[in-house]
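The values are calculated or read from the model by the stated rules, or taken from the named source; none is laboratory data. Please read these numbers as outputs of a predicted model, since none were measured by experiment. Cβ: placed from backbone, ideal geometry, glycine included. Neighbour counts: every protein chain shown.
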């Protein structure tokens, strides 16, 4: 029984450490820059990847209010402001995309942590300035603690959608 336990422990540790190494290598290799072509709302935009359609990006770990009524979703409080802020942030810029465990959401959008060429972490800035809130969906939880702390600060400082 003890040998069986040690075997499973070894396999578990091997799997965890190999995932960590594979993951960090993947993150380091993603140095490709994509021009932003269109902002949909405060957490979704398109980039040009050289194909006719491009890639629709959904920012991982955060949620911005809807900027307009779509489908069954109503326009959210501070939605237009969130879209305008992201548009200003990404206008005429290139971005680097970093994925977590799951790279696509249920709608087929590419889930990404997004960085500008000056190393601005777009997902974090949106939460920090109060234009988005955290939305942690496991297994994509790499920056959940950071986003939580930034949201607490934004709320305490009455920033963006937290204004009273």
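Could you tell me which of the residues 148, 113 is over 18 Å from residue 47 (Cα atoms) and in contact with a strand residue (DSSP E or B) (Cβ under 9 Å, 6 or more places away or on another chain)?
Going through 148, 113 in turn, the sole match is 148.
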Worksheet entry | Index of the failed condition, residue 65 passing every other in (1) within 19 Å of residue 126 (Cβ to Cβ); (2) at pLDDT below 95; (3) more than 16 Å from the chain's Cα centre (by Cα) | (3)
Fill in: Cβ pairs under 7 Å, 6+ apart, first in region 133-159 and exposed (fewer than 14 other Cβ atoms within 10 Å of the Cβ), second in a loop (DSSP other than H, G, I, E, B) and at pLDDT 95 or above
139/101; 139/102
Discussion item. Quick check on residue 126: is it crowded, with 19+ Cβ neighbours inside 10 Å and either at negative phi or assigned to a strand (DSSP E or B) (or both)?
Written reply: yes
Item to complete: Test residue 131 against the stated conditions and say whether it is touching a strand residue (DSSP E or B) at 6+ places or on another chain (Cβ under 6 Å) and at negative phi.
Response: no
Fill in: Boolean, residue 97 is modelled with pLDDT under 95, under 17 Å from residue 42 (Cα atoms) and either in a helix (DSSP H, G or I) or out of contact with any helix residue (DSSP H, G or I) (no Cβ under 6 Å at 6 or more places or on another chain) (or both)
no
Discussion item. Criterion first (surrounded by fewer than 19 Cβ atoms within 10 Å (Cβ to Cβ) and either out of contact with any strand residue (DSSP E or B) (no Cβ under 6 Å at 6 or more places or on another chain) or modelled with pLDDT under 95 (or both)) does residue 102 satisfy it?
Written reply: no
Worksheet item: Among the residues of region 46-62 satisfying the criterion of being under 15 Å from residue 86 (Cβ atoms) and in a strand (DSSP E or B), which is nearest to the chain's Cα centre (by Cα)?
Response: 59
